[in-house]
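Below: the structure, in structure tokens.
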Amino acid sequence: MIVVLVALIGVVMGDNWALLVAGSNQYYNYRHQADICHAFQILVKKGNFPADHVIVMMYDDIANNAQNPIKGNIINHPNGTNVYPGVNKDYTGDNVTAANFLSVLNGSEDAMRGIGSGRVIKSTSKDNIFVYYSDHGAPGFVGMPTGAYLYAKDVLAVLKSMKEDNKFNKLVFYLEACESGSMFENLESGLNIYATTAANPDESSYAYYYDATRQTYLGDEYSVRWMEDSDVEDESTWTLDDQFKKVVSEVTESHPQKYGDASTMGSDKLALYQSYKASSYAQRFVGMNAVKTFSESVDNRDVKLMSLTRQLKDAPREKKAVINQLLLEEMLERSRVDNIFNKVLNFLEEDETLRLGLLTKSVRVQDFDCLKKTVETFENRCGRFTEYGLMYARVFSNACEGSYADKLEDAIFMSC
């Protein structure tokens, strides 16, 4: 038993709150809900958070999915502990939306009345908040299973408003998504916000731990690295920057970033955010999984394709035809998306070099009104972005920051 005194980690703070969000659904996205369930166990079992101070938003279609061979079971590590039992079901199914996320974070009880549990973060100027989100992303926005996307401008506006309204002392935000750095590029300093992301603004994040039994990826590389670190470290001495440096050293494919007040908050102890009221915990936590395991990383854009490829290889002969058909459908869908954006690019720009720049260059997103309108127009005309298709969203963000904004609607209508 290791008893940790509050005096070792600083002054006693107010309450601690946490908001955990999985922004996807469907079984092949298993890993995002697995990430969130694991985080819940860290906060509640190790950090002594009361369950009513941890708000969870996840579609909840994985644990008992027809494709899940072990019903009621979600793991985040090969041969790992079941992290599903006891997890809050505050907002599930179609209640997991961008608007609801922002309302819950902002403590807007009126907006959430009659929706899910109705619970929101009731923080004060003395309280610390921990936010963790896991899903897909693109330059300037991240996904939700239904409805509109969650845009950086809206997240940052709510965070700034919360600070101005004295709704938190300090806030830590961990974000798992492709191009996740783009969500915090415009984050102001001086708000007492420390944000880290799985990737920089220009790259994918990566899935991790393929499980042959469940035939899906169990976690995301950045996410499992910070959580496996939290599983075993003494949070009364381990700092935010200690954890960030550990994650950076172990994530092999993407480049985790930190933003906001990282220079002043980096020395804060993890216990201030991942333990309730920065309190002591009764015993050393062995961790959800005792043995660290290294695995192949897979670009999140390719998870569905790679999962089906693995399934086809491992499937008995009588099931190969069905899986082969699903694989063919995925490849045809990718081809459809490639063709659409080839047409969009050709319509926007005749010069080959400039056209390539629209697809590959990195420009900080500023014109969110243009980006939102273009994404909505595209999805209304061409269908919702797939995870693979999201890699082309950069065309829209780049075009909105250039001289192409007035041509985007026509380009979409001519291409779908």
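The values are calculated or read from the model by the stated rules, or taken from the named source; none is laboratory data. For clarity, every value in this text was computed on a predicted model and none was experimentally measured. Here Cβ is always computed from backbone atoms with ideal geometry, including for glycine, and neighbour counts include all displayed protein chains.
General remarks:
- The condition of being in the same structural domain as Leu43 (by TED's automatic domain parsing), free of Cβ contacts under 8 Å to residues at least 24 places away in the same chain and either farther than 30 Å from Lys269 by Cα or hydroxyl-bearing (Ser, Thr, Tyr) (or both) holds for only one of Ser117, Ser125, Ser108, that being Ser108.
- Listed by position, the helices (runs of 4 or more DSSP H) enclosed by the stretch 302-379 that each have at least 2 residues that are touching a Cys at 6+ places or on another chain (Cβ under 9 Å) and aliphatic (A, V, I, L, M) are 317-348.
- The residues in the stretch 95-139 that are in a strand (DSSP E or B) and in contact with an Asp or Glu (Cβ under 9 Å, 6 or more places away or on another chain) can be counted, and the count is 6.
- Odd one out for Thr386, checked against (1) part of a helix (DSSP H, G or I); (2) farther than 12 Å from Leu408 by Cβ; (3) of a type outside the set (D, E, K, R): (1)
- Residues of the stretch 48-79 satisfying the condition of being assigned to a loop (DSSP other than H, G, I, E, B) and crowded, with 24+ Cβ neighbours inside 10 Å: Met58, Ile62, Ile74, Ile75, Asn76, His77
- Within the stretch 389-416, tally of residues that are buried (at least 18 other Cβ atoms within 10 Å of the Cβ), of a type outside the set (Phe, Trp, Tyr) and not in a helix (DSSP H, G or I): 0
- Filtered residues of the stretch 161-177 (kept if more than 25 Å from Asp202 (Cα to Cα) and not aliphatic (A, V, I, L, M)): Ser161, Lys163, Glu164, Asp165, Asn166, Lys167, Phe168, Asn169, Lys170
- Members of the stretch 140-168 found to be part of a loop (DSSP other than H, G, I, E, B) and out of contact with any helix residue (DSSP H, G or I) (no Cβ under 9 Å at 6 or more places or on another chain), listed by number: Asp165, Asn166
- Of all residue pairs spaced 6 or more apart or on separate chains, those with beta-carbon atoms under 8 Å, a first member in the stretch 341-357 that is assigned by TED's automatic domain parsing to the domain that holds Ser403 and a second member that is of a type in the set (D, E, K, R) and not in a loop (DSSP other than H, G, I, E, B) are Leu345/Arg355; Asn346/Arg355; Phe347/Lys407; Phe347/Asp410; Leu348/Arg355; Leu348/Lys407; Glu349/Arg355.
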